[in-house]
Amino acid sequence: MTRIVIVGGGTGGTVLANRLVEDLDSEVTAGEVEVTLVNDSPDHVYKPTYLYVPFGKKTVEDAVRPLADLVDRRVDLEINRVVGIDTDAKTIELQDGRDTLSYDHLVLATGAKLVPDEVPGLVEGGHHFYGPDGAEKLRDALAEFEGGHLVLSVVGVPHMCPAAPVEFTLMADEWFRQRGIRDEVEITYTYPIMRLHGLEPVSDWMEPRFAERDIHTETFFNAEEVDPEAGVIRSMEGEELDYDLLVAIPPHAGDDLIAGSGLGDDGWVAVDRHTLEAEHAEDVYAMGDAADVPTSKAGSVAHYEADVVADRIASEVRGQLPTATFDGKTVCFIEAGMDEATFVEFDYEHPPELRDESRPVHWAKLAYNETYWLTARGLL
């Protein structure tokens, strides 16, 4: 019996589990292969939905489906939290104290988590849209906001969905215009390096659009602390910004499980960027946000990586030399307001390319958001 264990039921883990039982159908049916997906929640969350919640376009419930409804019945679904990994013994320890699970192949798709408390005052003084509670609180804050200074500050990098801060800023601009209060609102966007985005072509695309919409920018602004009572965010560079409404992209960190396993620093698994194999253990892969690869922490990356890992593990199970490799492919939609969007596509060898925004691309993004659930099931 070959045991394949996947830890994490997000996009990457779910797509991978479904791909593996499909690719190894005959082996699974014969009882020669067992695929187990371990997730600490019975729910699967499509996080890009949260971007639309503050503007009343979606609800937090729209982002959630039962994981059992998305996973093939041939997958052994285990709702539990993994609290330890022994890569020498090839076992994982579960939180509820049950016997450990053994594996022959382990895939870590543990994602990223928010750690806003790393910046003093950020929890009390800032809003975000990277989770259900934050998105709903920001929705209420925006509904009550009649004017003043809105600051969108990218505090932590890397972070999930790198396009989201850009999208939120442009969507907020148009949303205020639709409400007839844009003249009463000052908008400032901050980024921690000397341009507006980590990808230079995206930054170049942003600059004229922010300028024509009177969105102020502050680059090389590394937030150090927030003073909620004074309504001030301060940077390590000694700058201060007053705000009436602060929307911050909080610092992110990897799962504590990874940091304690010896597989990588800060919760990100050190992997070969082409094979996605862990550098510090045999028969271990990492993918999605958990993998320390030189590309974006975006859902599309996890999806493309899942295809590669599924091919490689299927080859290994059959005693074949794995040949599938990940080329860094990334595709991200970018909302340019409330009814237009563009997209960016790149890989390790080809730099990002952006086209002018359009309504058809906006509708394509909305259509993908609706069909995502079929993608997670492995049907698209």
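Which one of 33, 15 is hydrophobic (A, V, I, L, M, F, W, C), buried (at least 22 other Cβ atoms within 10 Å of the Cβ) and out of contact with any strand residue (DSSP E or B) (no Cβ under 7 Å at 6 or more places or on another chain)? Answer to the selection: 15. Apart from one condition, residue 96 fits all of (1) at pLDDT below 95; (2) touching an Asp or Glu at 6+ places or on another chain (Cβ under 8 Å); the exception is (2). Cβ separations smaller than 7 Å between residues 6+ apart or across chains give the following pairs from region 60-81 residues that are open to solvent by less than 50 Å² (accessible area, probe 1.4 Å) to residues that are acidic (Asp, Glu) and outside any helix (DSSP H, G or I): 64/43; 67/43; 80/40; 80/96.
Annotation note: Cβ proximity below 7 Å between a residue of region 122-149 that is farther than 25 Å from residue 112 by Cβ and a residue that is charged (D, E, K, R) and in a strand (DSSP E or B) (sequence gap 6+ or interchain) occurs for 149/186; 149/242. Taking the conditions (1) open to solvent by 70 Å² or more (accessible area, probe 1.4 Å); (2) farther than 30 Å from residue 146 by Cβ in turn, residue 252 satisfies each one other than (1). Residues of region 36-51 that are among the hydrophobic types (A, V, I, L, M, F, W, C) and either part of a strand (DSSP E or B) or surrounded by fewer than 17 Cβ atoms within 10 Å (Cβ to Cβ) (or both): 37, 38, 45. Among residues of region 334-346 being in contact with a Phe, Trp or Tyr (Cβ under 9 Å, 6 or more places away or on another chain) and open to solvent by 20 Å² or more (accessible area, probe 1.4 Å), the one that is farthest from residue 47 (Cα to Cα) is 339.
The condition of being closer than 22 Å to residue 306 by Cα, in a loop (DSSP other than H, G, I, E, B) and either at pLDDT 95 or above or of a type in the set (Asp, Glu) (or both) holds for residue 72. Only one of the numbered conditions (1) open to solvent by 70 Å² or more (accessible area, probe 1.4 Å); (2) under 30 Å from residue 32 (Cβ atoms); (3) in a helix (DSSP H, G or I) is not met by residue 368, and that is (2). For residue 138, the conditions (1) buried (at least 21 other Cβ atoms within 10 Å of the Cβ); (2) assigned to a loop (DSSP other than H, G, I, E, B); (3) not hydroxyl-bearing (Ser, Thr, Tyr) all hold with the exception of (2).
Would region 270-279 turn up any residue that is closer than 29 Å to residue 165 by Cβ, part of a strand (DSSP E or B), over 17 Å from the mean Cα position of the chain (by Cα) and free of Cβ contacts under 8 Å to residues at least 24 places away in the same chain? Yes, because at least one residue in region 270-279 is closer than 29 Å to residue 165 by Cβ, part of a strand (DSSP E or B), over 17 Å from the mean Cα position of the chain (by Cα) and free of Cβ contacts under 8 Å to residues at least 24 places away in the same chain.
Restricting attention to region 324-333, and to residues there that are out of contact with any Phe, Trp or Tyr (no Cβ under 6 Å at 6 or more places or on another chain) and either surrounded by fewer than 24 Cβ atoms within 10 Å (Cβ to Cβ) or polar (S, T, N, Q) (or both), which single residue is modelled with the lowest pLDDT?
Ranking the qualifying residues of region 324-333, first place goes to 331.
Screening 265, 214, 204, 244 for residues that are open to solvent by 30 Å² or more (accessible area, probe 1.4 Å) and at positive phi leaves exactly one candidate, 214.
In this structure, residue 349 does not qualify as outside any loop (DSSP other than H, G, I, E, B) and open to solvent by 50 Å² or more (accessible area, probe 1.4 Å). Within region 82-96, being surrounded by 13 or more Cβ atoms within 10 Å (Cβ to Cβ), among the charged types (D, E, K, R) and assigned to a loop (DSSP other than H, G, I, E, B) holds for one residue alone: 90.
Of the residues that make up region 298-312, is at least one in contact with a helix residue (DSSP H, G or I) (Cβ under 6 Å, 6 or more places away or on another chain), modelled with pLDDT under 95 and either in a loop (DSSP other than H, G, I, E, B) or open to solvent by 20 Å² or more (accessible area, probe 1.4 Å) (or both)? Yes - at least one qualifying residue is present in region 298-312. Within region 167-189, can you find the residues that are of a type in the set (A, V, I, L, M, F, W, C) and either surrounded by fewer than 20 Cβ atoms within 10 Å (Cβ to Cβ) or assigned to a helix (DSSP H, G or I) (or both)? Result: 168, 170, 171, 172, 175, 176, 181. Residues in region 1-35 that are in a loop (DSSP other than H, G, I, E, B) and either farther than 26 Å from residue 60 by Cα or of a type in the set (A, V, I, L, M, F, W, C) (or both): 5 in all. Selection of first residues in region 210-221 that are within 17 Å of residue 194 (Cα to Cα) and of second residues that are of a type in the set (Gly, Ala, Ser), restricted to Cβ pairs under 6 Å at least 6 apart or on distinct chains, gives the following pairs, ordered by first then second residue: 221/235.
Filtered by the rule that a residue be open to solvent by less than 30 Å² (accessible area, probe 1.4 Å) and not β-branched (Val, Ile, Thr), region 97-115 gives 103, 105, 106, 108, 109, 111, 112.
The values are calculated or read from the model by the stated rules, or taken from the named source; none is laboratory data. A quick note: this is a predicted structure, and the numbers were derived from the prediction, not measured. With ideal geometry, Cβ positions are generated from the backbone for all residues, glycine too; neighbour counts draw on all protein chains shown. All accessible areas refer to the heavy atoms of the entire protein, side chains included, with ligands and DNA or RNA removed. Shrake-Rupley method; radii C 1.70, N 1.55, O 1.52, S 1.80 Å.
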